[in-house]
Amino acid sequence: MKPSLKQAFAAMDAGLLGCAAWLVPCSRRADWLREWRAELWHVRQERAPMEQLSWQAEREIAFFCLGAFQDATCLSEPRWKLATLLTTLRGSAAQCLLMLFGLLAASYGIASLSSGVRAERMITSRLQNPGLILIQYADCDSTTIDPKQYLVWKNRRHSFFDGFAFYRVTDESVQEENETGSAPRAPWKVAQASSNLFVLLGLPVRFATVEADSALPQIILSKSFWKIEFGADPHIAGRVVRIGQRRARVAGVLAEDAWNLPGKIGAWLVQPDSALAVSGNGFIVAHLNSAGREKMWAPVMQISEYDEDEGPRFFGYNVDQWQPGSWGIFWLGIAFAVISLPAITSVSLGEYSMNPPRTSLGRRLYRWSFFSAKIALLLPIVYFSTLDLAYFRTAQSSQVSSSIQMISAFVLFLIGLRWALSDHRQRCPVCLRRVEHPVEVGLASRTFLAWNGTEMMCMGGHTLLHIPSLPTSWFDAQRWLYLDSSWEFLFVGSGVG
Amino acid sequence: MVSEAKLSHTAAMILQALDAGFVYGFSIMEMTGLPSGTVYPAMRRLERDELILSKWEKQSIADAELRPPRKYYKLTPAGRATLQASRRRYPLLERLIPSEPLTVEEAGSR
């Protein structure tokens, strides 16, 4: 071997040992390193004594040095405890539940971050006036409606509604009138709202008593906007502000989180209907009268007009009942999944045994509790995952998101149930640890003479699981073989038991 | 000390190798075919459980042979008793690693 290459390999091996030494406690490091260096010297003498290049020898020496990491980890007490803990957890019921809790946390976290879920939660979290519905087009995914439609509805008599309100959200900068010369402030979401919006919603706005100036429209600030832009100035009421090119007088501040409709709005500019009609689309909120509330029991209702021949053009989403991840939609998907389960897998828990089982009643209860815990954790995981999927792209509720939620609830829970059953069938009835080390036993060509299939063992030494590869009349389902104490010596040192 | 019943097959092989005269890590690796990542940690545990003892070779001996000093291991009385029990539990152990007592000096040159 070339001297330079040999030195490079020697340096690499020494470097590996040096790195591994950092895992060893300081008090033992010098002695440990001295032993490994001495051993390495002998290994090198044994494996690569000559000057010829031998990649095989260098590979073996490198593998020898890599073993130092395991040795060093073994000496590190906390790591050793961690390794022992991980060995104990591997395949156990606790590991399974921890994994499910992790999934639950992840799905909940994603759902909490989803803007669509947050927006919809706002709709339903602080209901002030029962009977409110949010109207959307039935034939498209747009959440906003032409203001002319609002005016048509508002000026017409209705059987089931007693009020309509409209608001449109735009980005505009709001600043005090005396700041005109300074740089414009950052834009906020400003809602141009019909004058009856707050009355219809039943929002508790305390309008300030200001000097009457009918020429100026009123603006209501959200509490966060008031704090950030006006420094929570207690004398803000009555001042004139400029919204883009328009002037308005501050009429009051809306309480924190009082707004429960779509849009994170900083200020509401109350305008007459004539001013609203000339601009773009917005949200229409309607209030059901008593007859309408009796009729509307579902989360979503179809809204038809008397002169419509081609079916309803609008859907009304009941703000009282309808919410993201509606339980009705969710449970419907779950029910379909439960009904469909026998069609895709066996619902047996595979608890047949070859010899009398060694499990007590308490153990059996423990096993069933574990299975129930898995199902109980699956439900919220599926629920939050359906929210993640349904509101991944849409920031607003729609028929599409409802459909996605129901279909995903069905599919995810079906997969989850299948996994829960299959996982349960492969857990030792004694210790609930998953059986491991599958071994093919027998020959398929001798099916009628002897069983053939897969044999798996519990690493705690409690059971062997026999799964036939071809179900026969005399061996059609998996069976457990409970091991007696004569097997125990094989499992000492496995770290489980 | 670990009870006899808790000795794994790997640990029993290492005890048997030590008893057969393979008294340092690399020779045990060679004899048992186990990798370094298994042998050395197992020997740490056996030493912790007082089944084996380690002792550094004298520097003068190593210097005379122009090599670094080695760390040698030997069975304690408890380790020997455990090995006896393990031989009953694992009858093939002696066939895998036949006992042939060697002195430390002989083992060093092995």
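The values are calculated or read from the model by the stated rules, or taken from the named source; none is laboratory data. Worth saying up front: this structure is predicted, and the values here are computed from it rather than measured. Cβ: placed from backbone, ideal geometry, glycine included. Neighbour counts: every protein chain shown.
Go through region A:24-52 and give me each residue that's more than 12 Å from chain B (Cβ to nearest Cβ) and in contact with a helix residue (DSSP H, G or I) (Cβ under 6 Å, 6 or more places away or on another chain). Result: A:29, A:48. Counting the residues of region A:374-430 that are modelled with pLDDT under 90, in contact with a Cys (Cβ under 8 Å, 6 or more places away or on another chain) and in a helix (DSSP H, G or I) gives 0. Within region A:431-469, the set of residues being among the hydroxyl-bearing types (Ser, Thr, Tyr) and in a loop (DSSP other than H, G, I, E, B) comprises A:447, A:469. Cβ contacts < 7 Å: first residue within 12 Å of residue A:216 (Cα to Cα), restricted to region A:231-243; second residue not in a strand (DSSP E or B), any location; separation 6+ or different chain. Result? Pairs that qualify, where the first residue is within 12 Å of residue A:216 (Cα to Cα) and the partner is not in a strand (DSSP E or B), are A:238/A:208; A:238/A:210; A:238/A:211; A:240/A:177; A:240/A:216; A:241/A:177; A:242/A:177; A:242/A:180. Could you please find all residues in region B:47-59 being assigned to a loop (DSSP other than H, G, I, E, B) and either within 11 Å of chain A (Cβ to nearest Cβ) or over 21 Å from residue B:9 (Cα atoms) (or both)? Selection gives B:57, B:58.
Residue-by-condition table, conditions (1) more than 8 Å from chain A (Cβ to nearest Cβ); (2) farther than 24 Å from residue A:29 by Cβ; (3) not in a helix (DSSP H, G or I):
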site: B:17; (1), (2), (3): yes, yes, no
site: B:22; (1), (2), (3): yes, yes, yes
site: B:26; (1), (2), (3): no, no, no
site: B:37; (1), (2), (3): no, no, no
site: B:45; (1), (2), (3): no, no, no
site: B:61; (1), (2), (3): yes, yes, no
site: B:72; (1), (2), (3): yes, no, yes
site: B:78; (1), (2), (3): yes, yes, no
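Consider region B:55-91 and keep the residues that are of a type in the set (Lys, Arg) and more than 23 Å from residue A:33 (Cβ to Cβ). The one that is modelled with the highest pLDDT is B:80. Given the structure, is residue A:79 at pLDDT below 90, within 14 Å of another protein chain (Cβ to nearest Cβ) and under 20 Å from residue A:10 (Cβ atoms)? No; evaluated as a whole, the condition is false for this residue.
Of the residues making up region B:80-97, those that are among the hydrophobic types (A, V, I, L, M, F, W, C) and either part of a helix (DSSP H, G or I) or farther than 21 Å from residue B:53 by Cα (or both) are B:81, B:83, B:85, B:92, B:93, B:96.
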